[in-house]
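Below: one structure, written as structure tokens.
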Amino acid sequence: MKISMVDLCGQYRRIKEEIDEAIGKVMESSAFINGPQVKAFAEHLAAYNGVRHVVTCGNGTDALQIALMSLGLKAGDEVIVPVHTYVATAEVIALLNLVPVFVDCEEERFTIDVSQVEAKITPRTRVVVPVHLYGQCADMEPLLDIARRHGLCVVEDAAQAIGACYTFHDGTVRRAGCMGDVGATSFFPSKNLGCYGDGGAMFIQDDALAEKARMVANHGQRVKYHHDIVGCNSRLDTLQAAVLDVKLKYLDQYTEARQAAAVRYDRLLADVEGIVIPARAANSTHVFHQYTLRVPHGRRDALKAFLAERGIPSMIYYPVPLHLQKAYANECQGKGSFPVAERLSGEVLSLPMHTELDLATQEFIADSIRQFFVEN
Ligand SMILES: *Cc1c(COP(=O)(O)O)cnc(C)c1O
């Protein structure tokens, strides 16, 4: 049996007829840019998320960049980000001549340690970018509270958590990416709502901010050839929107399939000593973009190699925290500055996780993990 981290082909086959028809329609109309499917998908996703505006763009990294470009920031303004995340978050900050200010993460939740945020705020701090890592929301209620008190904008990186729900203490429930000023997401093929190429979107509640983000993504123009602000060119193409509009109908089913697979992993791995299975936060659902173990005591890489020998892929998201990356290294923040993130980068191991994962495959994976700890 061939095991893969994701099974996009199996997922496609289940909805092949619908997808092929949607793609065929775009081909016949040949409205490849800004066809009606783009607007339709944006409206359907806005309704799904319970947010006023979905502004589509070329990919998730662009979504983060356009969000920051829309907030009226000045060079040198500081943006608070977690160190245990994908590079895109820090990259766009640096590209815009803003200053990334790093914060460590929570050991169990893997997301930004909100209790350490306030100490990082200076007169130049303008934005905080929580990342809803692996499919679970960062602890947004206390973070939004800090942002409000200090007049900061909040840009959520929801690339891994579309559909996740966060519950506030008064019972209010909001979707990932729909709690701050802008939520950025990615439709990269392997994301929970993935297209067949690149795609991204922003979730925005405020009308004026949505209008600004639309302008930025479209060369800074509201009226064609009249450029009021410096923008960029970032579009979700019609073919991708057509694919996404079909797949959005299945997103809840996909999420449930991932959650069921996670519960099976939990059960199969419960008695394995030597690993820590992913914790669930009390105030967020988990949509399991990744099922990420912690493997302490320096045994992670040996386990990964053992699994690979048995044809089981696994991935390390992410092996080097941002403050130790050459491009973002800062002499004041060397090794030891963010102990939790540094420890996690040596312990995390993500197992195969996708909508088509079956019990037999998971049993084989779990048995192999158990076998490793028997032999080692
Ligand atoms: C995938 C991802 C992005 C970037 O999305 P792209 O569409 O690949 O540009 C940003 N942040 C996180 C946390 C991601 O997982």
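The values are calculated or read from the model by the stated rules, or taken from the named source; none is laboratory data. The shown structure was predicted, so the numbers you read here are calculated from the model rather than taken from an experiment. Positions of Cβ are backbone-derived with ideal geometry, glycine not excepted, and every protein chain shown enters the neighbour counts.
Of all residue pairs spaced 6 or more apart or on separate chains, those with beta-carbon atoms under 7 Å, a first member in the range 105-132 that is more than 25 Å from P296 (Cα to Cα) and a second member that is of a type in the set (S, T, N, Q) and assigned to a loop (DSSP other than H, G, I, E, B) are P130/T111. Of the conditions (1) more than 15 Å from the ligand (Cβ to nearest atom); (2) within 19 Å of the chain's Cα centre (by Cα); (3) among the basic types (K, R), K191 fails just one. Which one is it? So K191 meets the others, but not (1).
Please determine whether any residue of the range 141-153 is more than 18 Å from M69 (Cβ to Cβ), β-branched (V, I, T) and touching a Gly at 6+ places or on another chain (Cβ under 8 Å). Within the range 141-153 (the criterion being more than 18 Å from M69 (Cβ to Cβ), β-branched (V, I, T) and touching a Gly at 6+ places or on another chain (Cβ under 8 Å)), the answer is no, since none of the residues qualifies. For the residues Q221, Q253, Q205, the requirement of being under 16 Å from M353 (Cα atoms), surrounded by fewer than 22 Cβ atoms within 10 Å (Cβ to Cβ) and not basic (K, R) singles out Q253.
So that you can scan it fast, the table gives a plain yes or no per residue for (1) within 27 Å of A241 (Cβ to Cβ); (2) within 18 Å of the chain's Cα centre (by Cα):
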{"site": "G10", "(1), (2)": "yes, no"}
{"site": "E18", "(1), (2)": "yes, no"}
{"site": "A40", "(1), (2)": "yes, no"}
{"site": "T56", "(1), (2)": "yes, yes"}
{"site": "D62", "(1), (2)": "yes, yes"}
{"site": "N97", "(1), (2)": "no, no"}
{"site": "D104", "(1), (2)": "no, yes"}
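Answer with yes or no whether A46 is small (G, A, S), at pLDDT 95 or above and surrounded by 23 or more Cβ atoms within 10 Å (Cβ to Cβ). Against the criterion (small (G, A, S), at pLDDT 95 or above and surrounded by 23 or more Cβ atoms within 10 Å (Cβ to Cβ)), A46 does not qualify. If I ask for residues that are within 16 Å of the ligand (Cβ to nearest atom), of a type in the set (D, E, K, R) and more than 18 Å from D157 (Cβ to Cβ), which ones from the range 194-235 would you list? Result: R235, single match. How many of the residues making up the range 272-306 are of a type in the set (D, E) and either surrounded by 19 or more Cβ atoms within 10 Å (Cβ to Cβ) or free of Cβ contacts under 8 Å to residues at least 24 places away in the same chain (or both)? So the answer is 1. Could you please let me know if A88 is within 16 Å of M69 (Cβ to Cβ) and within 14 Å of the chain's Cα centre (by Cα)? For A88, the condition - within 16 Å of M69 (Cβ to Cβ) and within 14 Å of the chain's Cα centre (by Cα) - is met. Restricting the first member to the range 358-373 and to residues that are buried (at least 19 other Cβ atoms within 10 Å of the Cβ), and the second to residues that are charged (D, E, K, R), the beta-carbon pairs closer than 9 Å and six or more apart or on different chains are Q362/R264; I365/R310; A366/R264; A366/R267; F372/R299.
Counting only strands (runs of 3 or more DSSP E) that fall entirely inside the range 151-227 and contain at least 2 residues that are free of Cβ contacts under 8 Å to residues at least 12 places away in the same chain, the qualifying elements are 221-223. Considering the range 31-136, the qualifying strands (runs of 3 or more DSSP E), each wholly inside and each with 2 or more residues that are within 15 Å of the ligand (Cβ to nearest atom) and under 22 Å from A281 (Cα atoms), run over 78-82. The single condition from (1) within 16 Å of the ligand (Cβ to nearest atom); (2) more than 20 Å from L133 (Cβ to Cβ); (3) among the hydrophobic types (A, V, I, L, M, F, W, C) that A257 fails is (1).
Within the range 234-242, can one find any residue that is over 20 Å from the mean Cα position of the chain (by Cα), among the acidic types (D, E) and over 18 Å from S368 (Cβ atoms)? Yes, the range 234-242 has at least one match. Testing R235 on (1) basic (K, R); (2) closer than 23 Å to D139 by Cβ; (3) part of a loop (DSSP other than H, G, I, E, B), one condition comes back false. Which one is that? Condition not satisfied by R235: (2). Only one of the numbered conditions (1) assigned to a loop (DSSP other than H, G, I, E, B); (2) crowded, with 21+ Cβ neighbours inside 10 Å is not met by A341, and that is (1). Would it be correct to say that I15 is closer than 24 Å to Y291 by Cβ and assigned by TED's automatic domain parsing to the domain that holds N218? So I15 fits the description; yes.
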